[in-house]
1. 7 Å from Cα along Cα→Cβ at both residue 163 and residue 121: what's the point-to-point distance in nm?
2. Under a 10 Å cutoff between Cα atoms, tell me which one of 120, 47, 65 has the largest fluctuation in the Gaussian network model of the chain.
3. Give me the percent of DSSP beta bridges within the chain that run antiparallel, rounded to the nearest 5.
4. List, in order, the whole-Hz ³J(HN,Hα) value for each residue of region 110-120 obtained from phi through the Karplus relation with A = 6.51, B = -1.76, C = 1.60 and θ = phi - 60°; use x for Gly and Pro.
5. Mind listing the long-range amide H neighbours of residue 125? Cut-off is under 5 Å, sequence gap 5 or more, other chains count too, H placed in the peptide plane at 1.01 Å from N.
6. Quick one: net charge of residue 105's neighbours, Cβ under 15 Å, K/R +1, D/E -1?
7. With a cut-off of 8 Å between alpha carbons and a minimum separation of six or more residues, what is the relative contact order of the chain in percent?
8. Any of 65/184; 32/77; 32/60 with alpha carbons more than 22 Å apart? Name them for me.
Amino acid sequence: MEAKTDLSRFNPQKNLTRGAGKLTEGLWYLCKVTFFLSAFPWPQSLKRSLLRSFGAEVGKGVVLKPRINIHLPWKLKIGDHSWIGEEVFILNFEPVEIGANVCVSQRAFLCTGNHNFRSKDFEYRNAPITIEPGAWIGAQVFVGPGVTIGMETVVTAGSVVTRSLAENQIYQGNPCEFIGLRWK
């Protein structure tokens, strides 16, 4: 059987608006490599200022640990007093909104990008991610395109989230399943 998928037909501009020019992206990449992907503990105020200078909306008291990878800062909103843990990857071809008092733990992957596997040219099928206030995304959690994590919801370590989750609940596993209420 011959493959129907033809990746030579893939158009990286189809269904994707990057939101900034190549110069801005290049400058962001240099900034990201120096200040965000580095293990050096640069001051929080510096990293918040750099993100804001590239168009991110960053609240007060946001903690940005070392070695975080933010793809397009101009498509990122982080609310007051939220924490982004070490080695978090935010692949935000589409907007990512992280509410106030959210903890995104180490090595979590927030991925707004996907491909249409039923399309022969593998076109993009991207969608935004929203994490509502008070939520906690555990270590090494994958959050996929189009997902909203409800207010005060916990997703335990290593879980895979491919659908939106209700507020004030605890979820775990792959696929991610409800296991109880957070606050009773």
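The numbers here are math on the coordinates, done by the rules we state, and not lab data. Computed from a predicted model, the values in this text were never measured in an experiment. With ideal geometry, Cβ positions are generated from the backbone for all residues, glycine too; neighbour counts draw on all protein chains shown.
1. It works out to 3.2 nm between the two label points.
2. Result for the chain, Cα springs under 10 Å: 120 fluctuates most.
3. Details: 5 of 35 bridges.
Expressed as a percentage, antiparallel bridges in the chain total about 15.
4. For region 110-120, the Karplus curve yields 9, 10, 7, x, 7, 10, 7, 6, 9, 9, 4 Hz.
5. Hits under the 5 Å cutoff: 114, 115, 116.
6. Working: positive: 65, 67, 107; negative: 86, 87.
With Lys, Arg at +1 and Asp, Glu at -1, the neighbours total +1.
7. On the way: 506 pairs, mean separation 26.7, N = 184.
Relative contact order comes out at 14 percent.
8. Values: 65/184 31 Å; 32/77 17 Å; 32/60 20 Å.
Beyond 22 Å: 65/184.
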